[in-house]
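Undergrad: After the structure tokens below, expect a handful of questions from me.
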Amino acid sequence: MKSQAQSPATQHPAREVVAQLIRKARAAQKSCERYSQEQLDEVVTAAGWAIINPEHNRALAELAVKDTGLGTVADKITKNHRKTLGLLRDLKGTKSTGVIAEYPGKGITEIARPAGVVAAVVPSTNPGATPANNIINALKCGNAIIVAPSPKGASTSTLLLKYVHEELRRVGAPLDLVQQLPAPVTKELTTELMRQADLVAVTGSQNNVRAGYSSGTPCVGVGLGNVAVIVDESADLADAAAKIMRSKVFDNATSCSSENSVIIHEKVYAQMMASLAQEGGALLTPAEKETLQKAVFPGGKLSPAITAQPVSKICAVAGLTRPNLVNARCLLVEETGFGRDHPFSGEKLSPVLTVYRARDFDHAFAITRAIYDYMGNGHSCGIHTRNEEHIRRLGHEMTVCRVIVNQAHAMANGGSFDNGLPFSLSMGCGTWGRNSISENLNYRHFMNITRIVTTIPEDQPSEEDLFGPYWKKYGK
């Protein structure tokens with residue numbers, strides 16, 4: 001006897017689960033489509049307080065470390081607070097609905113409109129701060145948002161949404177503006193969400209980023225990090241070492257903006273290595289480096305056993321027992337090569353810093369270029385220097401979207417209170433990194449803009465205006 005035909009929901013359970021979330025999101029968004037800027041900003045403030053509230057922040061940080069095993073509670077508290085506070089500062093007073101710009105001379109009026117339902121795919125490394133950033137940016141522009149957390153970070157995201165819903169309820173906003181995929185979060189659910197949403201924002205693994213771009217939905221995805229930082233002969237070495245170490249060990253290097261390699265001019269190499277040691281860096285011998293490589297890159301791939309772990313844990317996994325190493329803040333390995341045969345030239349997501357020696361700035365530039373030819377192209381680089389020409393050369397010639405100057409890279413690259421970059425946990429890498437954006441993800445990526453166009457006095461040039469100098473130089 002033939003079995004009864006399966007219903008569409010039975011045949012495609014992920015499709016129907018996501019469709020129900022999308023329907024609720026669209027209904028919630030429709031109920032808010034006439035919100036004023038003041039109302040949207042109140043919703044944004046509510047979502048911001050949901051994570052900045054000190055009790056909430058600590059609970060989120062503790063749960064994130066407990067369930068993901070990544071990073072440290074204290075640094076996640078700092079990250080959740082700082083990133084959200086900075087984002088709210090960026091958004092304060094900005095227009096994100098209605099008329100946002102008028103250009104009378106061009107006859108153009110720009111009107112901000114929501115993008116729709118946003119699918120936010122977020123990583124386990126920042127399971128509180130990244131979804132909060134996406135939620136706030138999406139709500140600023142009148143969107144609904146559905147979060148697709150990583151399996152390990154799902155519990156933290158669930159708690160965050162509980163706090164967000166509490167605050168939305170206080171301001172009278174519909175709770176379905178912010179939703180999450182149900183547990184267990186699967187690849188099938190995440191893929192289906194990306195297909196059905198109106199906009200995809202992806203932060204995390206390159207597999208997820210590629211899936212976002214191939215989903216058929218407009219996507220804002222970001223690239224792979226592998227930050228290289230140059231220390232030239234003019235640098236303030238003590239300052240550079242302190243900033244590099246502070247950035248490198250923050251949250252056990254979960255950030256894609258954490259330094260992975262430092263390229264030091266040979267004239268200051270010894271002094272800089274001494275400064276790094278003073279800050280808690282410990283240099284491995286060649287034999288210890290080989291031992292560490294087997295633990296960090298078994299089979300040539302980065303091991304999850306050492307990802308975002310403290311040095312003591314990494315040493316235990318690798319079998320390194322020298323007290324100077326076990327008690328260090330960061331492990332230093334010297335390198336000369338690049339690529340798969342030299343895996344320390346890639347991203348390590350751990351307090352392990354690769355060190356290169358450069359003969360001069362041209363050599364330092366070439367080393368940096370070779371690193372990015374292997375991994376991290378388009379993301380960002382840094383330099384500690386007093387030489388403006390070196391800074392400008394990196395800006396004009398290095399294939400990166402950000403050049404961070406004399407700053408702690410992980411703190412500066414995603415926005416800082418002493419630089420002008422937007423606060424973000426998602427850094428676009430441009431076409432070099434196969435991304436659609438080359439700036440920090442921000443609220444303007446979550447809106448559509450409608451342009452009203454009216455006539456202006458005609459402005460049509462003559463052929464002489466356009467071609468006159470060309471004809472004079474080359475003839476007709």
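Every read-out reported here was derived from the displayed coordinates using simple, explicitly stated rules and does not represent laboratory data. What you see is a predicted model; the values in this text were computed from it and never measured. Glycine also receives a Cβ, built like all others from the backbone with ideal geometry; neighbour counts cover every protein chain displayed.
Undergrad: Which FRET efficiency value, to the nearest 0.05, is calculated for K476 and D341 with the Förster distance at 45 angstrom and r the Cβ-Cβ distance?
TA: Details: r = 58 Å, r/R0 = 1.29.
Rounded to the nearest 0.05, the efficiency is 0.20.
Undergrad: If packing is taken as the average number of other Cβ atoms within 10 Å across a peptide's residues, how do 198-205, 340-347, 292-299 rank, most packed first?
TA: Values: 198-205: 23.6, 340-347: 18.1, 292-299: 16.1.
My ranking of the peptides, most packed first, is 198-205, 340-347, 292-299.
Undergrad: Rounded to a whole number, what is D in µm²/s for region 130-188 from Stokes-Einstein with the Kirkwood radius over alpha-carbon pairs (37 °C, 0.692 mPa s)? Intermediate results must be reported in sequence, preceding the final value.
TA: Values: Rh = 11.8 Å.
In µm²/s, the coefficient is 279.
Undergrad: Scan region 359-453 for trypsin sites (Lys or Arg not before Pro) in coil per DSSP, keeping those whose Cβ has at most 13 other Cβ atoms within 10 Å, and list them by number. Before the final figure, lay out each step's value.
TA: Working: sites: R359, R369, R386, R392, R393, R402, R434, R444, R451; in loops: R359, R386, R402, R434.
Filter output for region 359-453: R359, R386.
Undergrad: What is region 227-413's relative contact order, in percent, from Cα pairs under 8 angstrom and six or more apart in sequence?
TA: On the way: 369 pairs, mean separation 59.1, N = 187.
It comes to 32 percent, rounded to a whole number.
Undergrad: At 0.36 nm per residue, and after removing the present C-alpha to C-alpha distance, how many nm does the segment from T94 to K267 gain when stretched out fully?
TA: Length gained between T94 and K267: 57.5 nm.
Undergrad: For region 1-112, take N as its residue count and report Rg(C-alpha) divided by 2.2 N^0.38 Å.
TA: Details: Rg = 21.9 Å, N = 112, 2.2 N^0.38 = 13.2 Å.
The value comes to 1.66.
Undergrad: Could you compute the FRET efficiency for R322 and H363, with r as their C-beta to C-beta distance and R0 at 25 Å, rounded to 0.05?
TA: On the way: r = 31 Å, r/R0 = 1.25.
The formula returns an efficiency of 0.20 here.
Undergrad: Quick one: if you stick a label point 7 Å off each Cα along the C-beta vector at T109 and D239, how many nm between them?
TA: Output for this residue pair reads 5.0 nm.
Undergrad: Any of K106/K472; K187/K313; K66/K301; K152/K187; K79/K243; K79/K248 with alpha carbons more than 20 Å apart? Name them for me. It would help to have the intermediate numbers written out before the result.
TA: Numbers: K106/K472 32 Å; K187/K313 30 Å; K66/K301 25 Å; K152/K187 13 Å; K79/K243 17 Å; K79/K248 14 Å.
In this structure, K106/K472; K187/K313; K66/K301 exceed 20 Å between Cα atoms.
Undergrad: Now for a separate question. What's the extension gain from A370 to N419 if we count 0.36 nm per residue and subtract their Cα-Cα distance? Don't jump to the answer; show the numbers that get you there.
TA: On the way: separation 49, 0.36 × 49 = 17.64 nm, distance 2.82 nm.
Taking A370 through N419 to full extension adds about 14.8 nm, to one decimal.
Undergrad: Express as a percent, rounded to the nearest 5, the fraction of DSSP beta bridges in the chain (both residues included) that run antiparallel. Let's see the in-between values first.
TA: Values: 13 of 53 bridges.
If we restrict to bridges inside the chain, about 25 percent are antiparallel.
Undergrad: Right, another one. Contour minus end-to-end for S31 and E463, with contour as 0.36 nm per residue of separation and end-to-end as the Cα-Cα distance? Intermediate results must be reported in sequence, preceding the final value.
TA: Values: separation 432, 0.36 × 432 = 155.52 nm, distance 5.35 nm.
Additional length available on full extension: 150.2 nm.
Undergrad: Follow-up question, since we're still on this one. Around L70, which amide H atoms from residues at least 5 apart in sequence, or from another chain, sit under 5 Å from its own amide H, with H modelled in the peptide plane?
TA: Those qualifying (amide H under 5 Å, at least 5 residues apart or on another chain) number zero.
Undergrad: Above 24 Å lies some portion of the pair distances; for region 124-233, what is it as a whole percent of all C-alpha pairs?
TA: Numbers: 1609 of 5995 pairs.
When every Cα pair of region 124-233 is considered, 27 percent fall beyond 24 Å.
Undergrad: For the chain, what is the relative contact order in percent, using Cα pairs closer than 8 Å and at least 6 residues apart in sequence?
TA: Result for the chain is 17 percent.
Undergrad: Also, quick follow-up: Rounded, prolate or oblate, given the Cα gyration tensor of region 259-298, with a/c below 1.5 counting as rounded? Don't skip to the end; give the middle numbers.
TA: Details: a/c = 2.23, a/b = 2.02, b/c = 1.10.
Prolate shape, in that a/c is at least 1.5 and a/b is the bigger ratio.
Undergrad: Something else: Within region 181-204, whose backbone N sits under 15 Å from a point 7 Å along Cα→Cβ of H12?
TA: Backbone N within reach: 188-197.
Undergrad: Any idea what the alpha-carbon Rg over 2.2 N^0.38 Å comes to for region 405-465? All intermediate terms of the calculation are to be shown ahead of the outcome.
TA: Values: Rg = 19.2 Å, N = 61, 2.2 N^0.38 = 10.5 Å.
My calculation over the Cα atoms of region 405-465 gives 1.83.
Undergrad: Something else now. With a ≥ b ≥ c taken as the square roots of the eigenvalues of the C-alpha gyration tensor of region 60-210, please select rounded if a/c is under 1.5 and otherwise prolate if a/b is larger than b/c or oblate if it is not?
TA: prolate
Undergrad: Given 10 Å bins starting at zero, what is the percent of C-alpha pairs of region 227-413 in each, up to the one with the largest pair distance?
TA: 10, 42, 37, 10, 1
Undergrad: Suppose we keep just the alpha-carbon trace of the chain; what are its Rg and Dmax in angstrom?
TA: 24.8, 88
Undergrad: What order, most packed first, do the peptides 126-133, 110-117 have when packing is the mean number of other Cβ atoms within 10 Å of each residue? Walk me through the numbers on the way to the answer.
TA: Values: 126-133: 29.0, 110-117: 20.2.
Per-residue Cβ counts within 10 Å, averaged per peptide and sorted highest first, yield 126-133, 110-117.
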